[in-house]
Amino acid sequence: MSDKKTVVITGANRGIGLELARRYAGEGCRVIGVCRSSSDELSEVAEQVIDGVDVTTDAGIEKLTSALGDEQIDLLINNAGLLQDDQLGSIDFDSIRTQMEINAYAPLRVVEALVSRIPSGGKIANITSRMGSIADNDSGGRYGYRASKAALNAFGKSLAVDLQPKGIAVAQLHPGYVKTRMVNFGGLITPAESALGLVERINQLSLENSGSFWHSNGEELPW
């Protein structure tokens, strides 16, 4: 039996997910990258790539669980996400539904399917956004993204409470304003810098602070 820690990352083919995969692989972890379409970069760092997975569907979740076999998961990172711009007066409700499916419901689907594989001492990190903070919203707009991340935060908090007796800690983590395709590469920090902060937050995650909402820089964010 290997004593490597197994890390499962959704949305691992690029951006923050890929940098997290690189960092954990560099630490000697067994990285399993989950994505809809793989990339050469992910294939270079992950020990296993499970592609063709749409985590918003029952079929996608079934494919994921089947490919994992009886793998024990020490750290699950729900990273897959979608940002679309919804403006009052021209709101596309199909867009809002899609963002809810990807940003909120999919992470809960993944946890529901995989939680039995996470042992006591295991961790779940949900990559959320400070845009899901109601107290921090002073600019409006982004209806689907804000609502979906607020829902993810609510799900994560309930997961933290429900999984406490099982010894599993859960965190909601804001990666920062990161230079990724999601924001047309207009962010303030690189994916590598974000991943470094996220890994530090995950390392500090424990049953005592489970359920908290953090910025990757260590700041605790308001709900």
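Just one of the listed residues (D70, D86) is surrounded by 15 or more Cβ atoms within 10 Å (Cβ to Cβ), more than 19 Å from the chain's Cα centre (by Cα), modelled with pLDDT under 95 and not aliphatic (A, V, I, L, M), namely D86. Taken over region 41-86, the criterion of being in a strand (DSSP E or B) and under 20 Å from V170 (Cα atoms) is satisfied by L75, L76, I77, N78. Does A21 satisfy the condition of being surrounded by fewer than 24 Cβ atoms within 10 Å (Cβ to Cβ), in a helix (DSSP H, G or I), in contact (Cβ under 8 Å) with a residue 12 or more places away in the chain and touching a strand residue (DSSP E or B) at 6+ places or on another chain (Cβ under 7 Å)? It is false that A21 is surrounded by fewer than 24 Cβ atoms within 10 Å (Cβ to Cβ), in a helix (DSSP H, G or I), in contact (Cβ under 8 Å) with a residue 12 or more places away in the chain and touching a strand residue (DSSP E or B) at 6+ places or on another chain (Cβ under 7 Å). The number of residues in region 24-40 that are more than 17 Å from G122 (Cβ to Cβ) and in a helix (DSSP H, G or I) comes to 3. Taken as a whole, the structure places I91 among residues that are in contact (Cβ under 8 Å) with a residue 24 or more places away in the chain, over 19 Å from the mean Cα position of the chain (by Cα) and on the phi < 0 side of the Ramachandran plot. A single entry from A160, A150, A154 fulfils the requirement of being without any contact (Cβ under 8 Å) to a residue 24 or more places away in the chain and buried (at least 18 other Cβ atoms within 10 Å of the Cβ): A150. You will find that of R14, R23, the residue that is under 26 Å from A59 (Cβ atoms) and of a type outside the set (A, V, I, L, M) is R14 and no other.
Quick grid of which residues meet (1) of a type in the set (A, V, I, L, M); (2) assigned to a helix (DSSP H, G or I):
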residue: S158; (1), (2): no, yes
residue: L163; (1), (2): yes, yes
residue: A195; (1), (2): yes, yes
residue: L198; (1), (2): yes, yes
residue: N203; (1), (2): no, yes
residue: E208; (1), (2): no, no
residue: G211; (1), (2): no, no
residue: G218; (1), (2): no, no
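If you go through region 101-129 and pick out every residue that is more than 14 Å from the chain's Cα centre (by Cα) and surrounded by fewer than 18 Cβ atoms within 10 Å (Cβ to Cβ), you end up with 7.
The values are calculated or read from the model by the stated rules, or taken from the named source; none is laboratory data. All figures in this text were calculated on a predicted structure; none of them were measured in a lab. Cβ: placed from backbone, ideal geometry, glycine included. Neighbour counts: every protein chain shown.
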